[in-house]
Amino acid sequence: MNDALDPLAIARQPTQQRARDRFDRILAEAEKLLMEAGLSGFSVPVLAERLGYTRGSIYAYFPTPYAILNELVARYLVEIESQFLARADELRGMTLREAIAAVVDHSVSFYEANPVARLLILGGAVTDDSFRAQEMTIKHLGDLGRAVWKDKGVRLPKGQPDVTTLSVDIATACFRRSYFDHGSITPAYRDAAVAAMIGFLMPYVDTASASPAVKTSKSKPRRKA
């Protein structure tokens, strides 16, 4: 993959407060436009007309429409990550299964409350830059999960494959499929995400060093009738 970032797909961050206020107003109106018209109805001319701005005043911060979309994606991803960081202590008090279910439920709630995030993140990366931002956030969430599990006495293998990051990827894939098929994350796909994460991670858990709560969270084999 080409590591060079496209400068036309990246917002030019203002430094002065007045410019920052205009920057934020553009993003807020862009979000409203996306909610009303979707990606097919999104354009800088339409956005400029709604705001009463010249196109040039928008291009001064956002060289292309992709720069606006990528900035929105970046903000959503920062919000997702910060919300999970805020819940880290709460997750440490749960069994592994409970924590995974809580993480999935929180993710579902976030996407249901933010339809534009659902559109831009679950609908597919807008550019290579937004794809990289999404993958970095998934990696950060995987690292957070590893730290939480470690504090609970759960040892997961280090190195490749990065199983905690892969588990987040698997849940995200369930969300994306549900969004593609139904336009939302349905209860069935929520359950599938939980089951997929648990099923994927459990074979990697070193139960010899895990706490009793983690050990008892593993499925017991079914007895033959």
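Bear in mind these aren't lab numbers, they're just calculated from the coordinates by the rules spelled out. The structure displayed is predicted, hence computed values, not measured ones. Using ideal geometry, Cβ is built from the backbone for each residue, glycine included, and neighbour counts are taken over all protein chains shown.
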Quick calc, the chain, dipole around Cα centre from Cβ unit charges on Lys, Arg (+) and Asp, Glu (-), nearest 20 debye, gives 940 debye
Run the helix sum for the chain: -39,500 (n - 2.57) per DSSP H stretch of 4+ residues, divided by residue count, reported at 222 nm to the nearest 500 deg cm²/dmol. -20500 deg cm²/dmol
Name the residue from 85, 113, 53 whose Cα lies farthest towards the positive end of the charge dipole of the chain, charges +1 on Cβ of Lys and Arg and -1 on Cβ of Asp and Glu. 85
Summed residue charge, Cβ within 9 Å of residue 10's Cβ, Lys/Arg positive, Asp/Glu negative: -2
Rounding to the nearest 20 debye, state how big the charge dipole of the stretch 7-65 is about its Cα centre with +1 on each Lys and Arg Cβ and -1 on each Asp and Glu Cβ. 220 debye
With +1 assigned to the C-beta of every Lys and Arg and -1 to the C-beta of every Asp and Glu, and no other charges, what is the dipole magnitude of the stretch 118-196 about the Cα centre in debye, to the nearest 20? 280 debye
In whole angstrom, how far apart do the alpha carbon centroids of the stretch 65-87 and the stretch 153-205 sit? 20 Å
Which order do peptides 85-97, 185-197 fall in by mean Cβ count within 10 Å, highest first? 185-197, 85-97
With viscosity set to 1.002 mPa s and temperature to 20 °C, compute the Stokes-Einstein D of the stretch 7-65, Rh being the Kirkwood radius across alpha carbon pairs; µm²/s, no decimals. 184 µm²/s
Lysine pairs, Cα distance under 18 Å, 8 or more residues apart or cross-chain: how many in the chain? 7
Going from the alpha-carbon gyration tensor of the chain, what semi-axes, largest first and in whole Å, does one get by taking the root of 5 times each eigenvalue? 39, 18, 15
